[in-house]
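The structure under discussion appears below in the form of structure tokens.
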Ligand code: NAI
């Protein structure tokens, strides 16, 4: 049990990578808050895990709304008395080529993928500083490291995640808080299913391991960074991408 007794908030965990992470964290003994904007999927997942005997709570939240985020963090602190782990996993895409991208598409992605991470971390870090302990895991992307066609907004947010991760690692290290990021490669979730098959085949062909990632591949990296096994790691960006670009 690598997370026995720990309390974790995982954003965007009603689907995809966050959902796989919720499962792994529960299996390792954590109490998990499924923090997602999708009520139906979140409630259903909560029920499914509760029926299996796990301690899990769905909280409907839009991470791009500062007030909602603060209320959620207050509620979680009230229920469990502490927050040990925050995984900033919620994310969206609104892809378009640079010349066609609307300001709305740009702002939507920045609001969720960048400001959402700022809001969640700021609210949770206050609790973690008081506790003198915490693990924060941010989700970047290969797009943020290498850029990706059609993803001006997304790449900007995901590159910024790396800067924030390193800044927070420096600010919060002395308070007993580790801050790291995972940069997933193309991973089989609803987000990627939107992409044309031709592009996915190409991505597979340039990946050293010759396959698209599975949500569990990323969930296992989150788990490592949330566990005590990574206690001397901070400010790190862990590439979990099958060796797509090196
Ligand atoms: P997904 O689309 O399967 O799941 C995203 C989840 O985030 C959904 O449950 C959705 O309801 C939730 N969400 C969206 N907006 C939200 C908001 N405003 N507030 C709260 N929850 C919200 O996506 P996936 O693939 O599981 O992505 C998870 C993370 O991994 C994202 O940050 C994504 O950018 C990142 N990532 C994904 C890659 C992939 O190939 N799937 C590659 C690199 C990074």
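Listed values, structure above:
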read-out	value
Wholly within the range 2-100, strands (runs of 3 or more DSSP E) carrying at least 1 residues that are within 16 Å of the ligand (Cβ to nearest atom) and either under 13 Å from the mean Cα position of the chain (by Cα) or touching a residue at least 60 places away in the same chain (Cβ under 8 Å) (or both)	7-11, 31-36, 85-88
Residues that are surrounded by fewer than 17 Cβ atoms within 10 Å (Cβ to Cβ), in contact (Cβ under 8 Å) with a residue 40 or more places away in the chain and within 19 Å of the chain's Cα centre (by Cα), drawn from the range 167-190	190
All positions within the range 205-221 that are within 20 Å of residue 246 (Cα to Cα) and either away from the ligand (no atom under 12 Å from the Cβ) or assigned to a strand (DSSP E or B) (or both)	205, 206, 208, 209, 210, 211, 213
Unmet criterion (only one of (1) farther than 18 Å from residue 13 by Cβ; (2) in contact (Cβ under 8 Å) with a residue 12 or more places away in the chain; (3) over 14 Å from the mean Cα position of the chain (by Cα)) for residue 158	(3)
Residue within the range 172-194 that is out of contact with any helix residue (DSSP H, G or I) (no Cβ under 8 Å at 6 or more places or on another chain), modelled with pLDDT under 95, part of a loop (DSSP other than H, G, I, E, B) and within 22 Å of residue 95 (Cα to Cα) present	yes
Residues (in a strand (DSSP E or B) and either free of Cβ contacts under 8 Å to residues at least 24 places away in the same chain or within 15 Å of the ligand (Cβ to nearest atom) (or both)) located in the range 105-142	136, 137, 138, 139
Members of the range 94-135 that are farther than 25 Å from residue 190 by Cβ and in contact with a strand residue (DSSP E or B) (Cβ under 6 Å, 6 or more places away or on another chain)	124, 128, 134, 135
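The values are calculated or read from the model by the stated rules, or taken from the named source; none is laboratory data. Here the structure is a predicted model, which is why all the values come from computation and not from measurement. So basically every Cβ, Gly included, is an ideal-geometry build from the backbone, and we count neighbours across all protein chains shown.
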